[in-house]
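Participant: First the structure, which I've put down as structure tokens, then a few questions once you've had a look.
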Amino acid sequence: MKKSLVAVGVIVALGVVWTGAAWYTGKQLEGRMAEMIGNANAELNRASPEAGLTLSYQDYHRGLFHSSMQLVVKPTAGAQSALLKPDQSIVLAETIDHGPFPFAQLKKFNLIPSMASIRTVLVNNPTTKPLFDITKGQS
């Protein structure tokens, strides 16, 4: 009886620690999202200033073990973009599994700790509709 009680206690403690760590990494990601998007925009402007594109995010929803958001690629205001017209945007739906052991990585038996694992899906909108037509609705 004592060994089984210890085993149950260890499992419960590991579950509490994992849940707390997932919550903490999700909180850290949410707090740094604006900074990371700013860094991505700076790198995009440095590497390809003629692209005239800007990244932003919207609809950020943080959960305990995962978060979701939309990453939006749109033309920079006042700049000429050869890739997108002023009224166009490309939207990517992001599902972020929080670390230290994200569920998406555990499903693949990847047991290396990481801050997060992200799954990206292209959203079907008027700009990307021709791509979805070619692929018969697949992202």
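Participant: Being among the hydroxyl-bearing types (Ser, Thr, Tyr), surrounded by 13 or more Cβ atoms within 10 Å (Cβ to Cβ) and out of contact with any strand residue (DSSP E or B) (no Cβ under 8 Å at 6 or more places or on another chain) is the filter here; which residues of the stretch 47-72 pass it?
Facilitator: Those that are among the hydroxyl-bearing types (Ser, Thr, Tyr), surrounded by 13 or more Cβ atoms within 10 Å (Cβ to Cβ) and out of contact with any strand residue (DSSP E or B) (no Cβ under 8 Å at 6 or more places or on another chain): none in the stretch 47-72.
Participant: If you don't mind, there's one more thing I want to ask. State whether the residues of the stretch 103-115 include one that is out of contact with any strand residue (DSSP E or B) (no Cβ under 6 Å at 6 or more places or on another chain), closer than 22 Å to Ser56 by Cβ and either in contact (Cβ under 8 Å) with a residue 40 or more places away in the chain or of a type in the set (Lys, Arg) (or both).
Facilitator: Yes.
Participant: Still on this structure: Pairs under 6 Å by beta carbon, first residue assigned to a helix (DSSP H, G or I) in the stretch 18-45, partner surrounded by fewer than 13 Cβ atoms within 10 Å (Cβ to Cβ) and not aromatic (Phe, Trp, Tyr), six or more apart or different chains?
Facilitator: Trp23/Leu64
Participant: What residue, among those in the stretch 29-42 that are modelled with pLDDT under 90 and over 14 Å from Leu71 (Cβ atoms), is surrounded by the fewest Cβ atoms within 10 Å (Cβ to Cβ)?
Facilitator: It comes out as Gly31.
Participant: Can you tell me which residue within the stretch 87-119, out of those that are part of a loop (DSSP other than H, G, I, E, B) and of a type in the set (S, T, N, Q), is surrounded by the most Cβ atoms within 10 Å (Cβ to Cβ)?
Facilitator: Per the criteria, the residue is Ser89.
Participant: Something else now. May I ask you to say which residue of Ser89, Ser48, Ser56, Ser68 is over 13 Å from the mean Cα position of the chain (by Cα), closer than 23 Å to Pro126 by Cβ and polar (S, T, N, Q)?
Facilitator: Ser89
The values are calculated or read from the model by the stated rules, or taken from the named source; none is laboratory data. On a predicted model such as this, the values are computed, not experimentally measured, just so you know. Note: ideal-geometry Cβ built from the backbone for every residue, glycine included; neighbour counts use all protein chains shown.
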